[in-house]
Amino acid sequence: MKNLVKITVLLLIVVSCTKTPDFSNLHYSFGGGVLILNEGNFRGGNGSLSFYSYDSSKIFNDLFYNVNGRSLGDVPNSIVIKGDKAYIVVNNSGKIEVIDKASLESRATIRGLISPRNIGIINDNKAYVSSLYSDSVAILNLTDFSISGYINLRRTSEAITVVGGKVFISNWAGGKEIMVISAINDKVVDSIKVGIEPESMVLDRFGKLWVLCNGGWARQNYAELIEINPPTNSIEKTLVFPTKDASPSCLSIDGIGQTLYFLDNGVREMDIGSGVLPLTHLIEQKPGEYFYKIGINPVNSDVFVTDAVDFAQQGYLSIYTPKGTFISKMKAGIIPGSMCFKLRINS
Amino acid sequence: MVVFHSLPLNGQLSTDYDTIKIREVVISTNKPNSDPAGYKKATIDSTVLSNYSNSNLSEMLLENTNIFIKSYGMGGTATPAFRGTGASHTLIDWNGININSPMLGQSDLSLIPVGFIDDIQIYFGGASMSLNNGGIGGTINLETKPVWNKETQISLNSGIGSFGRYSGFIKVKAGNYRIQTVTKGFYQYAENNFRYLNNEIGIEPVWQTRTNNQVRQHGFIQELYFRRGNNITSARLWYQSADRNLPASMLTSPNSGERQFDESLRTMLNYNAFKGNSNFSFTGAWMLNRLNYFNRLASIDSRNLSESLTLKTGFENPIGEFTKLKIVLDELSVIIKTNNYDHKIARSTTTLTASLVREKERFGTTILVREILDRQTFLIPDFSVGLQFRVIDEKEYFLKANISRNSKIPTMNDMFWVPGGNPDLKNEYSLSSEISYEMNQKISKSLHLKYDLSVFHYSIKDMILWHPGEFSYWTADNTRNASSSGVESSASVDFVRNHFTSCLKAGYSFTRAIGGGSKIENDVSVGKQLMYIPENQFNTSLSCGYENLYSSWTANFIGKRYITVDNSKYLSGYLINSIKTGIKLPLKRSSIDFNFNIDNLFNINYQSIAYYPLPGRSYNIKVLVQFVK
């Protein structure tokens, strides 16, 4: 009996001394929500992945590290979901992390990319990756997660939009062109002259391509919003911002492709049929806030805005209704940036 | 910060038999600036420095002081942090003239060869104001000075070590009691291709080899000294260059092919005249600094050239029996040519400093007032007051206290870099206070004890930080305040008996440097420890010598350092051990010295800056030959 008591006491001590692993961050819903990339500081290596869950209305931070036991990398810039996988482009680490979109477990890492920025999925087997520094777009083989080739654009690249058999790639840093590539033979087939530094692009419900040109980093030119007809590669509409001080970025569109959104000292919205740029903000940026990226819920058009604060401490994710009414605000990682909406279906 | 000073190390222990075999000469100088009472100042003497003649200043400070060195690794940039302040708050002076880059406002200690320096004085906090303005954290003054004798001395020092490291150093000294010439030259190349464990690249840690990490440095210094009576005239010329590849972080791939070329040419003319207890000094220094940075991948070709002319004159004169008045006028003119500014920029700063030092019986007092004229605008005057009390008469037991207001004008990059430079920046300034106790006691013929303890507090206002501006690019602004408080202490025991010598030293510092006063609502960094400032630092060393043999052991502990402003992530602390052993063989009046050392004895995997690995265990062999005639 004495021994039994001793063993029981010993077991209690052992059990009480055993640190329970903290899985609190892993208890996120596997349902619908938003994957948010936190860029972290350049060369700080503190980029991370967050998930906002529709089910719990909570945000879960640092998930890539918690799931995979290592850092996501230096400046994760963009994320795209295709099938059961999500592709995270990690700019200054020169890689793409391929993760399971539900469990977030790493499936593959594609290395050897030069300053990759965005990924455009062509089909189940092929994707293009733009580059801030290289003159070529990398072609990825999504079957074995390798780089299968390059397309020489003779200029750097940024946003990628796939329209049928064509791929439109913007030449952002110091550029003023949209390169048109045939997705069938991976050749440059045309280029379209636009405004200075085409930064972001979206496709509307009529298949028209909208391009936001920010006018240059020092605002030496007027920013422009341009509508392009993809079948003819021709410009159909050009809206010039009224002052050089305008600094629009991050062009987005709602789920039905009817309303455009972009950042310009706050969030502005514009119907695709409008002939003028919006004069007022849908959502005002308050003092102390620094709106960095936006994302539009494709189902209900809720507006998700990231706030980078001072680009050093953890930023915030704020959610607004389509009318711009504040819903909630929660802390994300350092410099929360690109978002990708994970629909409940198949999630 | 705790500094171990004046104590020989690593086999260069000053013993009776050494003195016989190698005629060591006491180096003395008639300095115009006597030490102000009430301030903490430490000295690293020439015997310690001679052990590091093939090393750079960051390596020497790291192992011999508690000044925190933030290093990108072998060959990479290394900057100092005094008492929780930043690199730009530390001045590096060369014979009292600031050599920090006017563009960056800081010095890269990895580019300064210790072999070029004869003496190092470390001025903590307010003590730095006796030399220059802007050293909020402190000043490290590098001295080159003559030894007045008739000896001709040639020293050759060569080393070879792990990771493709080769170094050579030569010093030739000649002259007599009126003229001295000293020439020093060095060359160093390091492949720095060490292996490290990368646990960030995949699910399992991977051993990798550091690439694009080569460093090639060379330089020389020529000194000429003329003495006539009590007056000394000197001319110095210091050239050096460093060509280095910059490795990527552990998270970055492929290597971006970054490269940096640093080149500097420093010239100095100095005249010191002494008459009784009075003295007059004049120094003129012209310096050129080139820093070119290339990034093949990002197509960056950054070319930066700065020229500065410093004219500094001062006199010191007794007022009555116990008081000295010192007046110093300092004019600095800077011209910057770079493709990162809109156009060539010039700046002129004039500083007038007046100080009174009174020492009577056991009490000492210093009062210092400074006025700065920067770009034709008078700034709010700085001041410092120090008090000193000798606890026991005729014994070296001191209580010291001081308070200071010290300003730092913005760097040229802060004001004129495109994009983001802000010409309207205000000065940073600090209000600092310090209380310290120092004792230096010879216990017996063979035992010597030194001890010091300091408590300090800094409050830094209008700190300049870069943050995102209106058009998405970063801009400099006086955004916040910060404070730093701490305790530092050091002790050393010297034991000498017959042919045996030993020295045990230990130092500890606790620094709480926190961010405050932010313009951001709910700023989570307020009240948190500043990034990359360790709260705890500890170092210790034991040196022993017996006849011709010597050996030493050093251990350096750096506590955890936060790498996010909210203190949510940090780099773990580390303890690095090194050992060294050698033999010094006398050859008439000359000598030959062989030594072997192992750094990072226990092969610790560690980082000073996140994701920039530092080398594991490494080996070095050095041979020092000294001819004396």
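No value in this document is a laboratory result; all are computed from the given coordinates. All values derive from a computational prediction rather than experimental measurement. For neighbour counting, all protein chains shown are included, and Cβ atoms are generated from backbone atoms with ideal geometry for every residue, glycine included.
For chain B, just run the numbers: alpha carbon Rg, then divide by 2.2 N^0.38 Å, N being how many residues it has.
After normalising by residue count via 2.2 N^0.38 Å, the value is 0.94.
Measuring from centroid to centroid over Cα atoms, what is the spacing of the range B:607-629 and the range A:239-264 in Å?
56
For the range B:362-404, just say rounded, prolate or oblate: build the C-alpha gyration tensor, square-root its eigenvalues into a ≥ b ≥ c, call rounded for a/c under 1.5, and beyond that prolate if a/b exceeds b/c, oblate if not.
prolate
Set Lys and Arg Cβ to +1 and Asp and Glu Cβ to -1, take the dipole of chain B about its Cα centre, and tell me which of B:ASN481, B:ASN51, B:PHE627 lies farthest positive.
B:PHE627
Counting only the backbone N, which residues of the range B:549-563 are under 19 Å from the spot 7 Å out from the Cα of B:LEU585 toward its beta-carbon?
B:549-551
State to the nearest 20 debye the size of the charge dipole of the protein assembly as shown about its Cα centre, where the only charges are +1 on K and R beta carbons and -1 on D and E beta carbons.
Rounded to the nearest 20 debye, it is 2460 debye.
Given charges of +1 on the Cβ of Lys and Arg and -1 on the Cβ of Asp and Glu, with all other atoms neutral, how large is the dipole of chain B about its Cα centre, in debye to the nearest 20?
Dipole about the Cα centre, nearest 20: 1440 debye.
Starting with the fewest neighbours, write out A:ILE181, A:ILE122, B:ILE136, B:ILE154 ranked by other beta-carbon atoms found within 10 Å of each beta-carbon.
Final ranking by Cβ density, sparse to dense: B:ILE154, A:ILE122, A:ILE181, B:ILE136.
With the cut-off at 1.5 for a/c, could you classify the range B:428-565 from its C-alpha gyration tensor as rounded, prolate or oblate?
It comes out prolate by the Cα gyration axes.
If each residue's Cβ is checked for other Cβ atoms within 10 Å, how do B:HIS499, B:HIS89 rank with the fewest at the top?
Least to most surrounded, the residues fall as B:HIS499, B:HIS89.
Dipole size in debye (nearest 20) for chain A around its Cα centre, Lys and Arg Cβ +1, Asp and Glu Cβ -1?
Approximately 840 debye in magnitude.
Roughly what % of Cα-Cα distances in the range B:247-288 sit above 15 Å, to the whole percent?
Tail fraction, whole percent: 68.
Work out the P(r) tail for the range B:225-315: percent of alpha carbon pairs separated by more than 21 Å, whole number.
Above the 21 Å cut-off, the range B:225-315 has 54 percent of its Cα pairs.
Given a Förster distance of 51 angstrom, what is the FRET efficiency for B:LEU447 paired with A:SER328, based on the Cβ-Cβ distance and rounded to 0.05?
So the FRET efficiency works out to roughly 0.15.
I need the phi-derived Karplus couplings for the range A:88-94: 6.51 cos²θ - 1.76 cosθ + 1.60, θ = phi - 60°, integer Hz, Gly and Pro marked x.
Couplings: 10, 8, 9, 4, 7, 8, x Hz.
What do you get for the angle between helix A:2-17 and the principal long axis of chain A? Use alpha-carbon atoms, 0 to 90 degrees, nearest ten.
The helix A:2-17 is inclined about 20 degrees to chain A.
For the range A:37-136, state which GluC sites (Glu not before Pro) are in a DSSP loop and have at most 13 other beta carbons lying within 10 Å of their beta carbon.
A:GLU105
Using 5 Å bins from zero, what percent of all Cα-Cα pairs in the range B:311-403 falls into each bin?
3, 12, 16, 15, 15, 12, 9, 7, 5, 4, 3, 1, 0
Report the one residue of B:ILE579, B:PHE602, B:ASN192 whose Cα lies farthest in the direction of the positive end of the charge dipole of chain B (charges on C-beta: Lys and Arg +1, Asp and Glu -1; origin at the Cα centre).
The residue sitting most towards the positive pole is B:ILE579.
How high is the FRET efficiency from B:PHE510 to B:ASN176, r the C-beta distance, R0 60 Å, rounded to 0.05?
0.75
Rg and Dmax of the range A:205-245, Cα atoms, in Å?
Spelled out, the Cα radius of gyration and Dmax of the range A:205-245 are 11.7, 34 Å.
So, in nm, how far is label B:ASN317 from label B:TYR187 when the simple model puts each one 7 Å beyond its Cα toward the Cβ?
Using points 7 Å along Cα→Cβ, the separation is 5.3 nm.
What is the distance in Å between the Cα centroid of the range B:430-502 and that of the range B:138-183?
29
Report the Stokes-Einstein translational diffusion coefficient (µm² s⁻¹, integer) for the protein assembly as shown, Rh taken as the Kirkwood radius over Cα pairs, at 10 °C with viscosity 1.306 mPa s.
Value of D from the Cα-based Kirkwood radius: 51 µm²/s.
Once you treat every alpha carbon in the range B:151-215 as an equal point and sum by Debye, what is log10 I(q)/I(0) at q = 0.16 Å⁻¹?
Treating every Cα as an identical point scatterer, log10 I(q)/I(0) equals -0.68.
Among B:LEU104, B:THR338, B:PHE274, pick out the residue whose Cα is farthest towards the positive end of the charge dipole of chain B, where Lys and Arg carry +1 and Asp and Glu carry -1 on C-beta, about the Cα centre.
After comparing all options, I get B:PHE274.
Name the shape class, rounded, prolate or oblate, that the alpha-carbon gyration tensor gives for the range B:108-156, where a ≥ b ≥ c are the square roots of its eigenvalues, rounded holds for a/c under 1.5, and otherwise prolate holds if a/b is larger than b/c and oblate otherwise.
It comes out oblate by the Cα gyration axes.
Obtain the nm distance between the two label points defined at B:TYR437 and B:LYS344 by a simple spin-label model: each point lies 7 Å from its Cα along the Cα-to-C-beta direction.
In this crude label model, B:TYR437 to B:LYS344 measures out at 5.8 nm.
Once you treat every alpha carbon in chain A as an equal point and sum by Debye, what is log10 I(q)/I(0) at q = 0.09, 0.12, 0.16 Å⁻¹?
These q points yield log10 I(q)/I(0) values of -0.49, -0.84, -1.54.
Obtain the radius of gyration and the Kirkwood radius of the range A:170-273 from its C-alpha atoms and give Rg over Rh.
Expressed as Rg/Rh, it is 0.97.
Taking neighbour counts of Cβ atoms within 10 Å as a proxy for exposure, in what order, fewest first, do B:MET415, B:MET463 appear?
Result, fewest neighbours first: B:MET415, B:MET463.
Please give the contour-minus-distance gain from B:PHE226 to B:LYS519: 0.36 nm per residue of separation, less the Cα-Cα distance, rounded to one decimal in nm.
99.9 nm is the gain from fully extending B:PHE226 to B:LYS519.
State, to one decimal in nm, how far the label point of B:TYR293 lies from the label point of B:THR152, with both points 7 Å from Cα in the Cβ direction.
Reported label-point gap for B:TYR293 and B:THR152 is 4.7 nm.
Per residue Cα convex hull volume for the range B:40-90, in cubic angstrom?
For the range B:40-90, the hull spanned by Cα atoms encloses 86 Å³ per residue.
For the range B:32-171, what Kirkwood radius comes out of the mean inverse Cα-Cα distance, in Å?
Evaluated on the range B:32-171, it is 15.8 Å.
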